[in-house]
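Right, one structure below, let's go through it.
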Amino acid sequence: MQTVTQEPGPAGVGAQGAHPASTRELDVEIVVPVYNEEEALARSIHRLHRFLDTEVPFSWRITIADNASTDLTPDIADTLASELDHIRVLRLEQKGRGRALRVAWSTSRARVVAYMDVDLSTDLHALLPLLAPLLSGHSEVAIGSRLARGARVARGTKREFISRAYNQILHVALRARFTDAQCGFKAVRGDVLPELLEAVRDQSWFFDTELLIAAQRRGMRIYEVPVDWVDDPDSRVDIVSTAVADLRGVARLALATPVARFAAIGVVSTLAYALLFLLLAGVLGSALASAVALALTAVGNTAANRRLTFGIRGREGLARQHVAGFLVFVLALALTNGALTVLHGLDRHAPRLLEAAVLVLATLAATITRYVALSSFVFRGRSRSGRPDTVLSLHTQGNR
């Protein structure tokens, strides 16, 4: 028995208290986050404990992560820990499933950490297929999927529609390659956990989605297991408020993509270019003012994209990248000068503001070319893990 009371760290803090791989003592730690679950807790924990004791051939522990329950849940959890071996109780004074998972996982010494919902809606026979690719080192993250081929699901039409619609939004907005972000049945390898927790800000229901997107963007393998799943009619999830919070989270992650950062830098650069052009045109003439303004903003644009869009730090390759950025600048200059030439061919005395507008449009047209050039030529590189984003699926006709 082990009972721990802990205040969670702030959102965005990674694995406070996480242990290095060399000190890992367990194969698997399974976290069951709970809030006011006095009716279901004892029954579910006994069932999970029996399954692990008879079916799982490696060392394990169950952690009951109670996040601010106000009923008898804490007392029941303590009783379970005194009656059963390999039970840890973690008490948090703030709500939030993501918060509970963050604290429980970050204080674990297991090779693999996992979690499942207290209602045990997912058939436990999917647990070994979930854990095996992580314990073998094949994958970094594993998830149960109710939407993968081979899954068998019993739930209402409303929840089915919402789940499929949400995951479709993830595919479109975040280019998600996994099929089911919200199934409460996931596992992560302990050695990559600190990096993922550091990347996740959400403390509530969007925690799962953000964790998976963080893993995908880092090129980690996400292994999918189709599950047998039965809807819990006593679910405590507020569908409307959770959906709104999830959509806000999707928007935040979409704006945090390299393309969004590149676009933001491009807007600032374009505005700076237009302002410099208007200030210099009366002194230098339109063509030279355009060249000077473009040169100045190109240097700032390359430096900003190097650091913010492509995440490159330090001075290694700096000179080469700025030289390559200069070649991109020459291409943009050709496009803007070409646009200016066409305008003057149509109207030799075009107003200065019209010149600026045409040049801004030409600069925006060059932005796509700039991004392709920067990502494929100037800052060409690979993900931290050195491999592309990968999602692997196990397709079966059931889980038994």
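Before moving on, here are some points about what is shown:
- Close pairs from segment 36-55: first at positive phi and in contact (Cβ under 8 Å) with a residue 24 or more places away in the chain, partner assigned to a helix (DSSP H, G or I) and surrounded by 13 or more Cβ atoms within 10 Å (Cβ to Cβ), Cβ under 9 Å, at least 6 apart: 36/73
- Within segment 148-177, tally of residues that are of a type in the set (A, V, I, L, M, F, W, C) and within 20 Å of residue 242 (Cα to Cα): 9
- Residue list for segment 172-194, restricted to those being open to solvent by 10 Å² or more (accessible area, probe 1.4 Å), of a type in the set (Val, Ile, Thr) and not in a loop (DSSP other than H, G, I, E, B): 172
- Qualifying residue in segment 205-214 (condition: more than 21 Å from residue 135 (Cβ to Cβ), among the polar types (S, T, N, Q) and surrounded by fewer than 22 Cβ atoms within 10 Å (Cβ to Cβ)): no
- Of all residues in segment 156-171, at least one satisfies being surrounded by 22 or more Cβ atoms within 10 Å (Cβ to Cβ), out of contact with any strand residue (DSSP E or B) (no Cβ under 6 Å at 6 or more places or on another chain) and in contact (Cβ under 8 Å) with a residue 40 or more places away in the chain.
- Segment 195-245: number of residues that are in a helix (DSSP H, G or I), more than 26 Å from residue 149 (Cβ to Cβ) and at pLDDT 85 or above: 6
- Among the residues of segment 28-43, those identified as part of a helix (DSSP H, G or I) and open to solvent by 10 Å² or more (accessible area, probe 1.4 Å) are 42, 43.
- Positions within segment 139-174 being among the small types (Gly, Ala, Ser) and under 20 Å from residue 206 (Cβ atoms), in sequence order: 142, 144, 145, 163, 165, 173
- Looking only at segment 253-274, residues that are modelled with pLDDT under 85, part of a helix (DSSP H, G or I) and either open to solvent by less than 70 Å² (accessible area, probe 1.4 Å) or of a type in the set (Asp, Glu) (or both) come to 12 in all.
- Any hit, segment 78-87, residues being part of a strand (DSSP E or B) and hydrophobic (A, V, I, L, M, F, W, C): yes
- Members of segment 138-147 found to be open to solvent by 10 Å² or more (accessible area, probe 1.4 Å) and in contact (Cβ under 8 Å) with a residue 40 or more places away in the chain, listed by number: 138, 140, 146
- The residues on offer are 65, 104, and the sole one that is under 22 Å from the mean Cα position of the chain (by Cα) and within 26 Å of residue 224 (Cα to Cα) is 104.
- Residue identified as closer than 23 Å to residue 193 by Cα, open to solvent by 10 Å² or more (accessible area, probe 1.4 Å) and among the hydroxyl-bearing types (Ser, Thr, Tyr) among 107, 54, 70, 63: 107
The values are calculated or read from the model by the stated rules, or taken from the named source; none is laboratory data. Predicted, not measured: the structure shown is a model, and the values here were computed from it. Heads up, the Cβs are rebuilt from the backbone with ideal geometry, glycines too, and the neighbour counts pull from every protein chain shown. Ligands, DNA and RNA are excluded from the accessible area calculation, which covers all protein heavy atoms including side chains. Shrake-Rupley method; radii C 1.70, N 1.55, O 1.52, S 1.80 Å.
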